[in-house]
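A short worksheet on the structure shown next.
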Amino acid sequence: MLKPCLKEAKVRTDKPITFKEYKIEQKYKNLGKNKKYFIKTYGCQMNEHDSENIKAILEQMNFSEIKEMEKADLILLNTCAIRENAHNKVFGMIGRIKHLKETKPNIVAGICGCMAQEEIVIDEILTKYNWLNLVFGTHNIDNLPTLLYNVYNGQKQIEVYSIEGDVIENIPAKRDSKYKAWVNIMYGCDKFCTYCIVPYTRGRQRSRKMEEIIKEINDLKEEGYKEITLLGQNVNAYGKDLKEDYDMSDLLEKAAKTNIPRVRFITSHPWDFTDKMIEIIKKYDNIMPYIHLPLQSGSNRILKLMGRRYTKESYLELFNKLKTIPNVSITTDIIVGFPGETEEDFNETLDVVNICKYDSAFTFIFSAREGTPAAKMKDDTPLEIKEQRLYKLNELVNKYAKENNDKYLNKEVLVLLEGKSNKENSLMGYTETMKLVNVKASDKYIGQIVKVKITDVKTWSLDGVICN
Ligand code: 5AD
Ligand code: SF4
């Protein structure tokens, strides 16, 4: 048994990163014969993509996927630790699995992902949920075949690493879409914002080598993919941990030069956004004019307590530079009710929202995460007040989301049609600026980038018809 360790997760050394190749041993390849797996994914795109890797590994072992948990032989929960409610959902699900296991004791059940990287969660699992067969973390997905082999040979497996982490190349992926693909460019984060658990659960920043990333994009293009999203917790810091002479702007340019129709990237930390990146985004039509630029707070006092390394003024300066990208849309993340946030601090956040008029924003109430510095800060704002702030913020965010969408009415935009929409006789897809559009169109357009005229506008989506 290898448990996670919070103390180790906090450490960063300058030990060089190890690059490894994933390989699966022949003896594991039939383990899943006649067995069905169910996987439920919580949280961010990074987890979504990890699940795509886990699915492909399981299918190499001859497991087949099933969408109903009740019929599965193997159940995995790929978990998220970012806020308390993500935790609660997972523990609720573990309760349901326990119930299932009472009638079908042969079910193998396990958890992985960010919660598995938390020392307190594993301690709780060992005392209260000791019947779980398998726990593995975010650093050792490649070892899943061995772990499962041991589980099927009667050994419970808990294997979570907290220190460092490697870069593993060549892990297969069973992608959810045939047209859009996630491409990891880096793992982990070294920023240590004081509220955030990610640096502890995902470990040290490790960038993939540029040639590996570009090869993956070229392969995806060959397979017919239309869009790739370069993925990382803090993509702008790409390459800083490598001893190479390239950075995120070089990677963006190389990605654009593959000529894949659409290149996106998330998430950007304002700290590392360079002028050179902005120039590259402007230079290539296939780099999409959409930027997610988390603000978190508009108060300099709170930003400092959050350890965000920028001020409201420097954020706005960067924001204004980004606005020079033609037709750009910008979204953000905001936390309300950070420990010690006063009404005045909150009003400063509203001020920034009023200046930036974001296309959209993800808004959250601060959630104390065990082991982070912010969890120890004095937090005397009642939840009721925090909820009122969130409500007020959301009203403002929605107002600007609608105003931004209104500008699209009667305009012609390019949409990558991904699949069927919930609306009758319609397909859904996204504009270059990441607006969701429901388009009246037949299925033959699925997978194509088409010109669409916008006929109706709502707060969170647009409606349109294909232009002839
Ligand atoms: N509490 C509330 N929101 C958080 N986020 C990260 N950590 C916390 C936390 N402890 C939010 C941030 C981040 C987004 C992914 O989640 O806004 O940008
Ligand atoms: Fe968390 Fe900050 Fe890293 Fe983003 S940049 S993952 S908020 S520590």
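All of the numbers you see were taken from the coordinates with simple rules; none came from a lab. Being a predicted model, the structure only gives us computed values, none of them experimental. A quick note on method: Cβ atoms are made from the backbone with ideal geometry, for glycine too, and the neighbour counts reach across all protein chains shown.
As a test, work out the antiparallel percent of DSSP beta bridges whose residues both lie in region 311-464, rounded to the nearest 5.
Once the DSSP bridges in region 311-464 are tallied, antiparallel ones form about 65 percent.
Starting from the Cα-Cα distance between Asp176 and Arg301, subtract it from 0.36 nm times their residue separation and give me the gain in nm to one decimal.
Separation in residues times 0.36 nm, less the Cα-Cα distance, equals 40.8 nm.
Aspartates and glutamates within cross-link reach of Lys3: Cα-Cα under 19 Å, excluding same-chain residues under 8 positions apart?
The qualifying aspartates and glutamates are Glu118, Glu119, Asp123, Glu124, Asp142, Glu159, Glu164, Asp166, Glu370.
Where does each of Met61, Met186 land when they are ranked from fewest to most other beta-carbon atoms within 10 angstrom?
Ascending Cβ contact count within 10 Å gives the list Met61, Met186.
Treat each spin label as a single point 7 Å out from the Cα along the C-beta direction, and report the Glu68 to Thr146 distance in nm.
The answer from the label model is 3.7 nm.
How would you order 1-9, 226-234 from highest to lowest mean count of nearby Cβ atoms within 10 Å?
226-234, 1-9
Would you kindly enumerate the cysteines in the chain that have no other Cys beta-carbon under 4.7 Å from their beta-carbon?
When partners are defined as cysteine Cβ atoms under 4.7 Å apart, the chain leaves Cys5, Cys44, Cys80, Cys112, Cys114, Cys189, Cys356, Cys467 without one.
Which number comes out as Rg/Rh for the chain once both Rg and the Kirkwood Rh are worked out on C-alpha atoms?
That ratio is 0.96, to two decimals.
What is the spin-label model distance, in nm, from Lys321 to Glu48 if the labels are put 7 Å beyond Cα along the C-beta direction?
2.9 nm
Would you mind checking which residues have amide H under 5 Å from Ala81's amide H? H placed 1.01 Å from N; only 5 or more apart, or other chain.
Those lying under 5 Å, H to H, from Ala81 are Cys114, Met115.
Quick one: putting +1 on the C-beta of Lys and Arg, -1 on the C-beta of Asp and Glu, what dipole do you get for region 314-377 around its Cα centre, in Debye to the nearest 20?
Charge dipole of region 314-377: 320 debye, to the nearest 20.
Applying a 10 Å radius around every beta-carbon, put 453-462, 301-310 in order of their mean neighbour count, most first.
My ranking of the peptides, most packed first, is 301-310, 453-462.
How would region 170-406 be classified by its alpha-carbon gyration tensor: rounded, prolate or oblate, with rounded meaning a/c under 1.5 and the a/b versus b/c comparison settling the rest?
Prolate.
Taking 7 Å along the Cα-to-C-beta vector as the label spot, tell me the Gln26-Lys411 distance in nanometres, rounded to one decimal.
5.9 nm
Taking the number of other C-beta atoms within 10 Å as the exposure measure, put Tyr358, Tyr200 in order starting with the fewest.
Arranged by neighbour count, lowest to highest, Tyr358, Tyr200 become Tyr358, Tyr200.
Identify, among Ser421, Val336, Ala375, the residue whose Cα sits farthest towards the positive end of the charge dipole of the chain, taking +1 on the Cβ of Lys and Arg and -1 on the Cβ of Asp and Glu, with the dipole about the Cα centre.
Ser421
Using Cα pairs under 8 angstrom and six or more residues apart, how large is the relative contact order of the chain, in percent?
Relative contact order comes out at 11 percent.
State to the nearest 20 debye the size of the charge dipole of region 170-406 about its Cα centre, where the only charges are +1 on K and R beta carbons and -1 on D and E beta carbons.
560 debye
Shape call for region 1-142 from the C-alpha gyration tensor, a ≥ b ≥ c root eigenvalues: rounded (a/c under 1.5), prolate (a/b greater than b/c) or oblate?
oblate
Which value in deg cm²/dmol, rounded to the nearest 500, describes the helix-derived mean residue ellipticity at 222 nm for the chain, given -39,500 (n - 2.57) per DSSP H run of n ≥ 4 and division by the residue count?
Computed ellipticity for the chain at 222 nm equals -10000 deg cm²/dmol.
Report the gain in length on full extension from Asn34 to Glu124: 0.36 nm times residue separation, minus Cα-Cα distance, nm rounded to one decimal.
29.1 nm is the gain from fully extending Asn34 to Glu124.
For a quick check: with amide H placed at 1.01 Å from N, whose amide H comes under 5 Å from Thr332's, ignoring anything fewer than 5 positions away on the same chain?
The list, which skips near neighbours in sequence, is Leu293, Ser360, Ala361, Phe362.
Would you mind telling me the antiparallel percentage of the DSSP bridges in the chain, rounded to 5?
About 30 percent, rounded to the nearest 5.
Cross-link list Lys71/Lys174; Lys89/Lys386; Lys15/Lys215; Lys174/Lys226; Lys55/Lys221: which exceed 19 angstrom alpha carbon to alpha carbon?
Exceeds cut-off: Lys71/Lys174; Lys89/Lys386; Lys15/Lys215; Lys55/Lys221.
So which lysines can Lys402 reach, going by Cα to Cα under 19 Å and dropping same-chain residues fewer than 8 places off?
Answer for Lys402, where 19 Å is the Cα cut-off: Lys323, Lys357, Lys392, Lys411, Lys435, Lys453, Lys458, listed by chain and number.
How large is the dipole of the chain about the Cα centre if only Lys and Arg carry +1 and Asp and Glu carry -1, each at its Cβ, rounded to the nearest 20 debye?
That gives a dipole near 840 debye.
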